[in-house]
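S.K.: Sending over a structure as C-alpha cells; questions will come in a sec.
The values are calculated or read from the model by the stated rules, or taken from the named source; none is laboratory data. Bear in mind the structure is a predicted one, so any value in this text is a computation, not a measurement. All Cβ positions, glycine included, derive from the backbone under ideal geometry; neighbour counts span all protein chains shown. Note: areas computed on protein heavy atoms with side chains; ligands, DNA, RNA excluded. Shrake-Rupley method; radii C 1.70, N 1.55, O 1.52, S 1.80 Å.
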Amino acid sequence: RDMSSKGYVDLERGTRGGANKLVTEAFGTFFLSLALFGLATDTVLGALGVGVMLALVTIACGGGHYNPAISFAYTVNDGSKPVSALGMIAAQVGGAALAAVFASKFLGGAAAPGDSDMVTGSVAEGIFVYQLMLTYLASDSGLTIGLSYFSGLLAFGPAAGSTGNPAIVLGVAVANAATGKGLSLSTVAMARCAVPLLAATVAPYCKGFFASKVPRGTEFCGAFFLFLGILALQSNGADGANLAIGTTLATWVAICGTTASFNPAITVARLVKTGRFDTWA
C-alpha cells in the first residue's frame with residue numbers, strides 16, 4: 001500500500017505531495033503543541049481540547065501528521081527516501097520548539113513529560129501511538145484522528161505523562177537550548193522519543209498479521225485496547241471517563257470496521273438475528 005502521500009493536499013494546486021508538506025507540518029505541530037502546553041490534559045476538557053485542535057489543524061491544513069512517529073512509520077512502510085521523513089520531522093520539531101518558546105513567554109511555561117518510571121511511561125507511549133497509527137491508516141478524517149488522540153491522551157497521559165508525540169519532547173529541548181537554558185535530554189525523554197517510533201512502525205505489520213493469519217484477530221486487538229483503555233481511565237479516576245471510553249470504542253470501530261463487536265453480548269445478538277451460528281468456528 002502506497003502511504004507516502006496519504007493525508008496531504010496541496011491547497012493551491014489541488015494535488016498531493018510537494019514542499020508544502022513541511023509548512024503544513026510546522027504550522028500544525030505549532031498549534032497542536034500550544035494546545036498541549038496550555039491545557040491540562042489530565043482533565044476531560046483539556047484532553048478534548050487537544051484532540052479537537054489536532055482535528056482542526058488536520059482539516060484546515062488539508063492533512064498532515066504533526067508527529068515524528070507517524071511520519072517515520074509511513075516512510076518505513078512505503079520504502080520512501082529517508083530524506084522525506086527527516087524533513088517532516090525537522091519541521092515538526094521546529095514547530096514544537098517555537099510553540100515552547102511562545103508558551104514560556106505567554107502561557108506560563110512549557111515542559112516535556114516528566115521523569116516518571118521509564119517502563120511505565122514507555123509502555124504507555126507505545127500503546128498510545130500504536131492505536132494512533134492504526135487510526136491514521138484507517139481514516140483520513142481529521143475528526144476521527146483527533147478523537148483517537150483525545151482518548152489516548154486522557155487514558156495514558158495522567159499516569160505516565162504521555163503525549164504520544166516525540167516532537168513535544170524534542171521541541172522543549174530545542175527551545176531550552178535556544179533560550180540559553182542548555183540542551184538536556186534525560187534517559188526517560190529519549191525513551192519517549194524512541195518507543196513511539198517503534199510502535200508506529202510495527203503497527204501496520206501487526207494489523208496485517210492479525211487480519212490475515214489470526215482468526216478474529218482484529219476483534220481480539222480491538223477488545224484488548226478497548227478494555228485496557230477502560231481500566232486505565234477508571235484507575236486514573238478521570239472526570240468524563242465515559243466520554244473517552246465511548247471515543248475509544250468509536251476509534252476501534254473505525255479501525256476494524258462495523259462488523260466488529262468487541263462485546264460478547266453484541267456478538268451473540270448478531271448471531272441470533274442472522275442465524276449464522278456457524279461463524280462461532
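S.K.: Please go through region 1-26 and give me each residue that is surrounded by 19 or more Cβ atoms within 10 Å (Cβ to Cβ) and at pLDDT 85 or above, ordered by number.
M.R.: Within region 1-26, T24, E25, A26 meet the criteria.
S.K.: Which of the residues spanning region 69-85 are at pLDDT 90 or above and either aliphatic (A, V, I, L, M) or within 17 Å of L34 (Cα to Cα) (or both)?
M.R.: Answer for region 69-85, where residues must be at pLDDT 90 or above and either aliphatic (A, V, I, L, M) or within 17 Å of L34 (Cα to Cα) (or both): A69, I70, A73.
S.K.: If A155 meets every condition in (1) surrounded by fewer than 17 Cβ atoms within 10 Å (Cβ to Cβ); (2) of a type in the set (A, V, I, L, M, F, W, C); (3) touching a residue at least 60 places away in the same chain (Cβ under 8 Å) apart from one, which number is that one?
M.R.: It is condition (1) that A155 fails.
S.K.: Do you know which of the residues in region 35-61 that are within 20 Å of V101 (Cα to Cα), part of a helix (DSSP H, G or I) and over 16 Å from the mean Cα position of the chain (by Cα) is modelled with the highest pLDDT?
M.R.: So the residue we want is F37.
S.K.: Only one of K213, K207 is out of contact with any Cys (no Cβ under 7 Å at 6 or more places or on another chain), open to solvent by 80 Å² or more (accessible area, probe 1.4 Å) and not aliphatic (A, V, I, L, M). Can you tell me which?
M.R.: K213
S.K.: Related question: Take F224 and tell me if it is buried (at least 18 other Cβ atoms within 10 Å of the Cβ), among the aromatic types (F, W, Y) and more than 21 Å from A99 (Cα to Cα).
M.R.: The answer is no for F224.
S.K.: List pairs: first residue in region 185-209 and over 14 Å from G126 (Cβ atoms), second residue part of a helix (DSSP H, G or I) and among the β-branched types (V, I, T) anywhere in the structure, Cβ distance under 7 angstrom, at least six positions apart or on different chains.
M.R.: Matching pairs, first to second residue: A189/V169.
S.K.: Only one of (1) assigned to a helix (DSSP H, G or I); (2) in contact with a Phe, Trp or Tyr (Cβ under 7 Å, 6 or more places away or on another chain); (3) closer than 22 Å to A200 by Cα; (4) in contact (Cβ under 8 Å) with a residue 40 or more places away in the chain fails for A103. Which number is that?
M.R.: (3)
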